[in-house]
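Remarks on the structure that follows.
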Amino acid sequence: MTRFRVGNGFDAHRLVAGRPLRLGGVHVPSDRGLEGHSDGDCAVHALCDALLGAAAAGDMGQHFPSGDPRWKGADSLTFLEQVRHLLDERGWVIENVDVTVIAQAPVLAPHLGPMREALARRLGLELDAVSVKVKSTDGLGALGRSEGIAAQASALLRGRD
């Protein structure tokens, strides 16, 4: 019988001046970027946690601790590649992933296609197995005041037969 696993991930970072904005593995023009030890890409971080969670393999903090100088300023797509290799070693195949970015600003809709492409390429998936959406909170709370950006992700894994 084929085994399936579902995982969920979440991440959020504060927007700060003086940093580039990376989301879903792509550069997004903005006067502020996400604060973080790495590049702060909360969409990729949430996706990594979803994949790790589905495999019961821990979380981002366990595999890529923010106190480790190796990850200072790291491109988060590197984390995604390492998670993909870990899943492969443990006998898991990624079936599909779904990411929702929650942000009031900047406008992200024009960047969703490139985000899907970047994630699909790094995960070795067809484009139709990768979904990236954006939602706003219509001014509600810290995200609605554009103080930060959050992301949540889901992933479906299939055990390799």
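The values are calculated or read from the model by the stated rules, or taken from the named source; none is laboratory data. This structure is a prediction, so every number in the text was calculated from the model and none was measured. Reconstructed Cβ throughout: ideal geometry from the backbone, glycine too, with neighbour counts over all protein chains shown. The area values use the complete protein model at the heavy-atom level, side chains included, leaving out ligands, DNA and RNA. Shrake-Rupley method; radii C 1.70, N 1.55, O 1.52, S 1.80 Å.
With θ taken as phi - 60° and the coefficients 6.51, -1.76 and 1.60, list the Karplus ³J(HN,Hα) couplings across the stretch 51-63 in order, rounded to whole Hz; mark glycine and proline as x.
Calculated HN-Hα couplings, in order: 5, 5, x, 4, 8, 6, 10, x, 8, 4, x, 6, 8 Hz.
Per residue, how much accessible area does the chain show when a 1.4 Å probe rolls over the protein heavy atoms, in square angstrom?
I get 48 Å² per residue for the chain.
Extension gain Ala56-Ser146, at 0.36 nm per residue separation less the Cα-Cα distance, in nm?
Value of the extension gain: 29.1 nm.
If you roll a 1.4 Å probe over the stretch 1-61 with all protein chains in place, what percent of the accessible area is carbon or sulfur?
53
Can you show me the helix-derived [θ] at 222 nm for the chain, built from DSSP H runs with n ≥ 4 at -39,500 (n - 2.57) apiece and divided by the number of residues, rounded to the nearest 500.
Result for the chain, helices only: -8500 deg cm²/dmol.
Largest first and to the nearest Å, give the Cα extent of the stretch 1-46 along each principal axis.
Principal extents (Cα only, largest first): 52, 17, 13 Å.
7 Å from Cα along Cα→Cβ at both Ala17 and Asp68: what's the point-to-point distance in nm?
Simple spin-label model gives 3.4 nm for this pair.
Not counting ligands, DNA or RNA, and with a 1.4 Å probe, what is Arg32's accessible surface area in Å² rounded to the nearest 10?
Around 70 Å² of this residue is reachable by solvent.
State the extension gain, in nm to one decimal, for the chain segment bounded by Thr2 and Asp128, taking 0.36 nm per residue of separation less the distance between their alpha-carbons.
Between Thr2 and Asp128, full extension yields 43.2 nm more.
Using a 7 Å offset from the Cα along the Cα-to-Cβ direction at both Lys135 and Phe10, what is the distance between the two label points in nm, to one decimal?
Inter-label distance under the simple model: 1.2 nm.
Roughly what % of DSSP beta bridges within the stretch 41-161 run antiparallel, to the nearest 5?
Here the antiparallel bridges make up roughly 60 percent for the stretch 41-161.
Work out, step by step, the length gained on full extension between Glu89 and His37: first 0.36 nm times the residue separation, then minus their alpha carbon distance; give nm to one decimal.
Answer, rounded to one decimal: 16.0 nm.
In debye, nearest 20: dipole of the stretch 31-161 around its Cα centre with unit charges on the Cβ of K, R (+) and D, E (-)?
40
Assigning unit charges at the beta carbon (Lys, Arg +1; Asp, Glu -1) and nothing else, what dipole magnitude in debye, to the nearest 20, does the stretch 1-63 show about its Cα centre?
140
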